[in-house]
Amino acid sequence: MELFFTPSSCINDETLELTDQEARHFAQVFRKREGDSFWVTDGEGTLYTAQCVSIGKRTVEARISKRTFTGQTPPHTILAIGVLKKKDRLETAIEKAVELGVSGIILLNTQHTEKGGISEQRLRSICISAIKQSQRVWLPAIHVNLKPDDVLRQFPDHRYIIAHEKGNDNTPIRELTTGSKDILFIGPEGGFSPSEVDMIRTSGGVIVSLGDYRLRAETAAIAGLSQLLI
Ligand code: SAH
């Protein structure tokens, strides 16, 4: 069955509403009709089964027949990725990270970050599409414009994993033990500066290798997250 998204503010005890893009998708892309059943998530862990009552121009009203809350299960893994100059590559990294099951996305402003980036609204809509695609019920938390030291300050209880291509003593990522709250740091096109790597390492970060070859940032993100999340 198809999964739609609506924020908890559009959900009442017995009814819910899809609005704007979700309502258009419902009627025009999926060609749903009154009486049809469908799934909805609020992105906060609840899956609703609903039946369409009416289709308006910009809203779809539905009656809730079932609600199931799913507690968020570990691992809690956040992707912290340097803002990439090429917007489509950054969007790919985020989409794939959400499909793989990250609990959060941090867009990093690093020393080698060039101008670029995507708006928070665009980021949210990529995340919403990706949770629907992968039929997830938790929408990752989004943090934009954090410097690496902001991340260390704001997430003191996480394990920091820095994907870094240089150095012979990097730990292969598959050798890490699982189960903790992780932040995987992936650099922008220009990589992390030596002082950024040092700072994260001094705060307990572990430097990991994703193999002997230089990957593009979005490939590195997918490769690293696959190891941590699947
Ligand atoms: N020119 C940059 C390359 C950046 S690649 C440099 O010299 O540092 C973008 C990011 O992808 C890197 O910062 C790193 O986080 C990750 N990455 C790419 N290949 C990797 C590898 N083989 N092992 C670990 N991380 C890698």
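Read-outs: derived from the displayed coordinates by stated rules, not from any lab. Predicted model only: the values in this text are computed from it and were never measured. A quick note on method: Cβ atoms are made from the backbone with ideal geometry, for glycine too, and the neighbour counts reach across all protein chains shown.
Values for this structure:
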{"item": "Nearby aspartates and glutamates by direct alpha-carbon distance to Lys147 (threshold 18 angstrom, same-chain neighbours under 8 apart not counted)", "result": "Glu114, Glu120, Asp157, Asp182, Glu189, Glu196, Asp198"}
{"item": "For the chain, with +1 on Lys and Arg beta carbons and -1 on Asp and Glu, the positive-most of Val29, Ile131, Leu79 along the dipole", "result": "Val29"}
{"item": "13 Å beta-carbon shell around Trp39, net charge (K/R +1, D/E -1)", "result": "+1"}
{"item": "Shape of the stretch 32-100, Cα gyration tensor, a/c cut at 1.5", "result": "oblate"}
{"item": "Distance between the stretch 59-93 and the stretch 158-177 - C-alpha centres, whole angstrom", "result": "25 Å"}
{"item": "Relative contact order (%) - criterion: Cα under 8 Å, at least six apart; region: the chain", "result": "20 percent"}
{"item": "Total formal charge among the other residues, if their Cβ is under 12 angstrom from that of Glu114, Lys/Arg +1 and Asp/Glu -1", "result": "+3"}
{"item": "C-alpha long axis of helix 217-229 to longest principal axis of the chain, angle in °", "result": "80 degrees"}
{"item": "With Cα atoms, 0 to 90° folded angle of helix 87-100 axis to the chain main axis", "result": "70 degrees"}
{"item": "Set Lys85/Lys132; Lys32/Lys132; Lys57/Lys87; Lys32/Lys66 screened for pairs whose C-alpha atoms are more than 24 Å apart", "result": "Lys85/Lys132; Lys57/Lys87"}
